[in-house]
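Chemist: Here it is, the structure in full.
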Amino acid sequence: MSRPVYLIIFHSPIFAAHWAFWIPSYKNEVAGSIGKIINVQGSPSEGFVHEFERNYDLSTTSRSYSLKLLCMVGEDKVEDDSSEVYSVDCNPRDVLETVALGVEAPCASLRPFTSDDPTGLDVCLYCFNGGCTGDRQHAALHYATRNHPLVLNIRRTRKVIVRDEPPQKISKLAIVAETEADRYDYETTVQCYECNIDNVDKSAGKLSKVVEGVMRANTFARQEEVKAWEQEYTSCEHILTLQQEAPRQIESQLLGHCSLCELQENLWLCLQCGNLGCGRAQFGGVSGHSHGLEHKNITGHAVAVKLGSITPDGTADVYCYQCDEERIDENLGLHLANWGIILAERQKTEKSLTEMQVEENLRWEFSMTDEDGQELKRLFGNGFTGLKNLGNSCYLASTIQCLFALPQFRDRYFLPNSELPNIDDPAQDLETQLRKLGDGLLSGRYSRPDPDAKPSELSNDVVYQKGLAPAMLKHLVGRGHAEFSTMRQQDAFEFLLHIFKLITRSKHNAPLRDPTQSFRFVTEQRLQCLNCKKVRYRSDEQDNISIPVPIRKLPRDSASSQDDSGGKDEYQSVTLKECLDSFTSEEHVELTCSACGSKDGFSKRSLFKTFPEVLVVNARRFVLINWVPTKVDVPVVIGDEPFLLDSYKSPGQQESEELLPDDANETALAFLANQDAVQQLEGMGFPRNRCEKALHATGNSDANAAMEWLFAHMEDPNIDEPLVIAASSTAPSGLEGDWGRHGASS
């Protein structure tokens with residue numbers, strides 16, 4: 001029997017059609033809708049590779065297609081896959097596939113990669129949405145979905161800047177709100193998609209003013225950077241109330257090196273007593289042993305000035321160790337004169353802290369070195385794309401990178417062959433922004449050396465990649481939040497819980513699933529009366545655990561250890577297993593037994609009733625110092641070797657155990673909905689089952705969050721079914737080293 005070979009053409013309203021071979025499978029000598037596709041996949045910038053899609057079901061595809069019979073081949077040339085499971089590979093299994101591999105797939109374009117596509121960026125002149133014009137044609141997609149035909153096409157090339165004049169004196173740490181026009185040469189044209197005109201007259205009507213406004217505007221990322229880095233310096237009470245010791249002349253030879261070591265740079269003069277100590281070591285090569293800080297810890301003298309930064313006009317680095325901030329001393333001249341130092345005779349010999357920070361922020365490339373000053377190895381490729389710091393955004397970058405290293409988030413948001421949601425405002429849509437970020441981090445498209453960057457002075461190797469600036473995602477997830485909407489430093493664990501809540505509220509159309517479900521599990525708390533031995537069980541569903549970290553100070557038995565630590569307390573490292581043992585250990589609580597009335601108390605222990613696929617662990621490394629919660633630097637060691645969690649699994653109620661009266665009928669996992677929120681939702685007309693489901697999914701917090709979830713899940717087939725919380729194990733009980741690291745937060 002001969003087998004037909006078809007040309008299958010997948011159509012698109014905006015993209016070029018995708019052509020492939022289609023060979024239907026035969027069952028009982030009858031061809032059905034299931035078969036094999038032979039094609040190439042990729043992009044002009046990345047190149048293409050052969051793919052064999054087996055057991056592809058045409059009846060389930062949402063893509064528009066047409067078939068054309070090409071030829072008939074012998075049955076011995078085609079082999080059907082017997083597994084009946086869809087799969088993709090590039091290994092030939094029959095003669096036809098071997099012949100297909102003989103036709104070379106298109107390689108990557110010979111056009112060199114640049115950070116900007118040569119075809120430019122199209123900015124919609126109706127809603128100012130930006131869309132690429134290269135391989136993926138998102139500008140054309142915007143026209144097809146929104147019917148906004150008029151766009152401003154912007155192409156840019158980097159200007160060569162020659163800095164032949166001395167920079168202006170720096171008075172504050174800030175990034176100037178410059179426009180992109182200050183750094184690039186631009187070429188702009190107005191185009192019309194509907195009329196297929198590539199060069200519309202920009203002087204016609206209101207076009208000139210609109211185009212001028214677009215070109216004058218700061219980018220979204222630049223607006224966020226300006227907010228991030230603005231930092232004015234002020235004085236403080238410790239400088240204003242500074243009481244100096246009796247005046248004396250400090251000999252010049254005593255100003256040449258630290259009083260506790262031989263370091264001759266990065267020297268800080270205590271303005272209260274005249275002691276000279278070295279500062280902190282600066283990442284990137286500036287030496288320091290923190291003897292200035294040690295002097296403050298011993299004497300309580302808080303205010304110091306960096307000797308090498310003093311200028312004749314009265315400016316210098318002044319630091320308050322008590323405030324742990326850089327400050328301004330309006331009476332610096334008088335304070336220095338107390339120690340025989342005359343401002344007019346001083347010459348600046350070292351960079352100030354402000355200059356070093358601004359210099360780093362304005363460089364094309366940050367110098368990435370390890371503790372020994374050696375250049376870090378540069379990595380490129382799929383999954384090796386960095387995120388730019390938007391200003392105090394390390395918490396966001398570390399959290400996002402960890403999440404997208406997990407298969408649950410990769411499978412949910414990295415969908416290169418699926419169309420984006422049809423949304424009026426993509427910048428305000430969480431699904432679009434997470435998929436955009438997933439594509440950027442995982443595709444490898446942006447993991448290339450930055451062509452605009454200069455090589456580091458420390459290495460002649462290739463430059464670093466440019467990195468992605470997640471400004472839109474940061475603005476979207478932080479909108480309306482008291483902390484994450486600001487540019488201040490935040491806690492990574494709190495941000496993780498916040499983004500979990502937002503993802504849970506959003507809609508996940510089948511077969512896509514909510515990735516946060518992989519983090520959920522059930523803990524079971526067991527209480528036992530110490531007198532009558534009756535027990536009570538309570539189950540709680542959660543998506544993280546906060547574990548106590550044992551605090552054990554290391555002895556400070558030598559002067560060298562004090563020098564190395566800079567006067568700070570050091571703590572013994574602990575293992576993750578120690579922390580889990582402490583978290584699940586039995587403890588005594590003072591309660592009155594409802595069965596026997598005894599006040600002897602109860603033993604309490606919490607164990608896992610089910611395990612998640614990914615366990616999020618928050619290490620509580622805080623101690624009370626003078627009644628103030630203070631974070632301590634305790635290393636938590638997570639080894640690479642797996643260890644079983646079986647000992648942390650709750651055995652549940654035993655046959656020999658008798659339940660306390662109040663709990664005799666409450667052994668099942670229960671969820672108590674926020675009654676105020678339920679009443680508000682029911683007042684809006686939502687059925688109770690829907691209300692409880694929405695509150696359970698959104699953290700049982702408030703009616704507004706639940707209402708948003710309801711509107712996003714109105715079409716769910718089981719929306720009116722009663723809430724059922726599963727109590728069965730959902731994941732194996734082994735904990736791998738990498739798995740633990742991805743879930744851990746500190």
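The values are calculated or read from the model by the stated rules, or taken from the named source; none is laboratory data. Keep in mind the model is a prediction, meaning the values are calculated, not measured. When we count neighbours, we look across all protein chains shown, and the Cβ atoms used for this are built from the backbone with ideal geometry, even at glycine. The protein model used for the area step is the full one, side chains on, heavy atoms only, and it has no ligands, DNA or RNA in it. Shrake-Rupley method; radii C 1.70, N 1.55, O 1.52, S 1.80 Å.
Chemist: Among residues belonging to the range 376-401 that are in contact (Cβ under 8 Å) with a residue 24 or more places away in the chain and of a type in the set (S, T, N, Q), point out the one that is surrounded by the fewest Cβ atoms within 10 Å (Cβ to Cβ).
Modeler: Here the answer is 382.
Chemist: While we're here: Looking only at the range 578-590, how many residues end up being touching a Lys or Arg at 6+ places or on another chain (Cβ under 8 Å) and in contact (Cβ under 8 Å) with a residue 60 or more places away in the chain?
Modeler: Our first condition is that a residue be touching a Lys or Arg at 6+ places or on another chain (Cβ under 8 Å); within the range 578-590, this holds for 584-590.
Filter again for in contact (Cβ under 8 Å) with a residue 60 or more places away in the chain, leaving 584, 589.
Looking only at that region, the number is 2.
Per-residue answers, yes or no, for (1) exposed (fewer than 10 other Cβ atoms within 10 Å of the Cβ); (2) at pLDDT 80 or above; (3) of a type in the set (A, V, I, L, M, F, W, C); (4) within 21 Å of residue 500 (Cβ to Cβ):
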| residue | (1), (2), (3), (4) |
| --- | --- |
| 625 | yes, no, yes, no |
| 630 | no, no, no, no |
| 666 | no, no, no, no |
| 670 | no, no, yes, no |
| 685 | yes, no, no, no |
| 688 | no, yes, no, no |
| 699 | no, no, no, yes |
| 704 | no, no, no, yes |
| 708 | no, no, no, yes |
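Chemist: While we're here: When you go through (1) surrounded by 14 or more Cβ atoms within 10 Å (Cβ to Cβ); (2) over 30 Å from residue 146 (Cα atoms); (3) at pLDDT below 90 one by one for residue 14, which number turns out not to apply?
Modeler: (2)
Chemist: Considering only the range 94-107, state which residues are open to solvent by 40 Å² or more (accessible area, probe 1.4 Å) and either at pLDDT below 90 or over 19 Å from residue 1 (Cβ atoms) (or both).
Modeler: 98, 99, 101, 102, 103, 104, 106, 107
Chemist: Here's another thing I want to ask about it. When you go through (1) farther than 23 Å from residue 129 by Cβ; (2) among the hydrophobic types (A, V, I, L, M, F, W, C); (3) surrounded by fewer than 18 Cβ atoms within 10 Å (Cβ to Cβ) one by one for residue 476, which number turns out not to apply?
Modeler: Condition not satisfied by residue 476: (1).
Chemist: Considering only residues of the range 488-523 that are more than 26 Å from residue 718 (Cβ to Cβ) and touching a Ser or Thr at 6+ places or on another chain (Cβ under 8 Å), which is least open to solvent (accessible area, probe 1.4 Å)?
Modeler: 495
Chemist: Separate question: I need a count of the residues in the range 332-344 that are without any contact (Cβ under 8 Å) to a residue 24 or more places away in the chain and either open to solvent by 80 Å² or more (accessible area, probe 1.4 Å) or of a type in the set (Val, Ile, Thr) (or both).
Modeler: 2
Chemist: Among helices (runs of 4 or more DSSP H) lying entirely in the range 184-263, which contain 1 or more residues that are at pLDDT 85 or above and surrounded by 10 or more Cβ atoms within 10 Å (Cβ to Cβ)? Let's see the steps before the verdict.
Modeler: Numbers: elements: 207-216, 220-229, 237-240.
Of the helices (runs of 4 or more DSSP H) lying wholly inside the range 184-263, those with at least 1 residues that are at pLDDT 85 or above and surrounded by 10 or more Cβ atoms within 10 Å (Cβ to Cβ) span 207-216, 237-240.
Chemist: Next question, about the same structure. If you go through the range 261-276, how many residues are over 42 Å from the mean Cα position of the chain (by Cα) and in contact (Cβ under 8 Å) with a residue 40 or more places away in the chain?
Modeler: Residues meeting the conditions: 2.
Chemist: Output the residues belonging to the range 575-592 that are modelled with pLDDT of 90 or more and assigned to a loop (DSSP other than H, G, I, E, B).
Modeler: Correct list: 584, 585, 586.
Chemist: Hey, another quick one. From the residues in the range 77-87 that are at pLDDT 85 or above and open to solvent by less than 70 Å² (accessible area, probe 1.4 Å), which one is nearest to the chain's Cα centre (by Cα)?
Modeler: 87
Chemist: For residue 522, indicate whether it is at pLDDT 90 or above and under 19 Å from residue 699 (Cβ atoms).
Modeler: Details: at pLDDT 90 or above: yes; under 19 Å from residue 699 (Cβ atoms): yes.
Against the criterion (at pLDDT 90 or above and under 19 Å from residue 699 (Cβ atoms)), residue 522 qualifies.
Chemist: Considering only residues of the range 57-74 that are farther than 10 Å from residue 4 by Cβ and open to solvent by 90 Å² or more (accessible area, probe 1.4 Å), which is modelled with the lowest pLDDT?
Modeler: Looking only at the range 57-74, we keep the residues that are farther than 10 Å from residue 4 by Cβ, and these are 57-66, 68, 74.
Keeping just the survivors that are open to solvent by 90 Å² or more (accessible area, probe 1.4 Å) gives 60, 62-63, 68.
Working: 60: 81, 62: 71, 63: 75, 68: 90.
Only one residue tops the list, namely 62.
Chemist: Scan the range 522-542 and report the pairs whose first residue is on the phi > 0 side of the Ramachandran plot and whose second residue is part of a loop (DSSP other than H, G, I, E, B), with Cβ atoms within less than 9 Å and a gap of 6+ or a chain change.
Modeler: From residues that are on the phi > 0 side of the Ramachandran plot, the pairs are 533/657; 533/658.
Chemist: Within the range 290-310, is even one residue modelled with pLDDT under 90, closer than 19 Å to residue 244 by Cα and open to solvent by 30 Å² or more (accessible area, probe 1.4 Å)?
Modeler: Within the range 290-310, none of the residues are modelled with pLDDT under 90, closer than 19 Å to residue 244 by Cα and open to solvent by 30 Å² or more (accessible area, probe 1.4 Å).
Chemist: Residue check, residue 469 against (1) under 14 Å from the mean Cα position of the chain (by Cα); (2) more than 19 Å from residue 410 (Cβ to Cβ); (3) at pLDDT 90 or above, all met but one. Which one?
Modeler: Every listed condition holds for residue 469 apart from (3).
Chemist: Of the residues in the range 593-615, how many are assigned to a loop (DSSP other than H, G, I, E, B), out of contact with any His (no Cβ under 9 Å at 6 or more places or on another chain) and open to solvent by less than 50 Å² (accessible area, probe 1.4 Å)? Outline the logic, then answer.
Modeler: To start, the set of residues in the range 593-615 that are assigned to a loop (DSSP other than H, G, I, E, B) comprises 593-601, 609-615.
From what is left, the residues that are out of contact with any His (no Cβ under 9 Å at 6 or more places or on another chain) are 593-600, 609-613, 615.
With open to solvent by less than 50 Å² (accessible area, probe 1.4 Å) added as a condition, the list becomes 593, 595, 597-598, 609-612, 615.
Looking only at that region, the number is 9.
Chemist: Which residue is nearest to the chain's Cα centre (by Cα), if the candidates are limited to the range 521-548 and must be closer than 23 Å to residue 618 by Cβ and of a type in the set (A, V, I, L, M, F, W, C)? Steps first, please.
Modeler: Narrowing the range 521-548 to residues closer than 23 Å to residue 618 by Cβ: 521-526, 538-548.
Of the ones still in play, those that are also of a type in the set (A, V, I, L, M, F, W, C) are 521-522, 545, 547.
Values: 521: 23, 522: 26, 545: 20, 547: 23 Å.
Per the stated criteria, the residue is 545.
Chemist: Return the pairs, sorted by first residue and then second, in which the second residue is of a type in the set (D, E, K, R), the first residue lies in the range 197-209 and is over 11 Å from residue 150 (Cβ atoms), the beta carbons are less than 6 Å apart, and the residues are 6+ apart or on different chains.
Modeler: 208/202
Chemist: Sticking with this one: Right, residue 164: closer than 30 Å to residue 421 by Cβ and modelled with pLDDT under 75 or not? Let's see the steps before the verdict.
Modeler: Details: closer than 30 Å to residue 421 by Cβ: no; modelled with pLDDT under 75: yes.
No; evaluated as a whole, the condition is false for this residue.
Chemist: Turning to a different aspect of this structure: Identify all residues within the range 366-392 that are among the aliphatic types (A, V, I, L, M), outside any strand (DSSP E or B) and at pLDDT 75 or above; write none if there are none.
Modeler: 379, 390
Chemist: Exactly one condition in (1) in a loop (DSSP other than H, G, I, E, B); (2) modelled with pLDDT under 80; (3) among the hydrophobic types (A, V, I, L, M, F, W, C) is not met by residue 415; state its number.
Modeler: In the conditions (1) in a loop (DSSP other than H, G, I, E, B); (2) modelled with pLDDT under 80; (3) among the hydrophobic types (A, V, I, L, M, F, W, C), residue 415 misses (2) alone.
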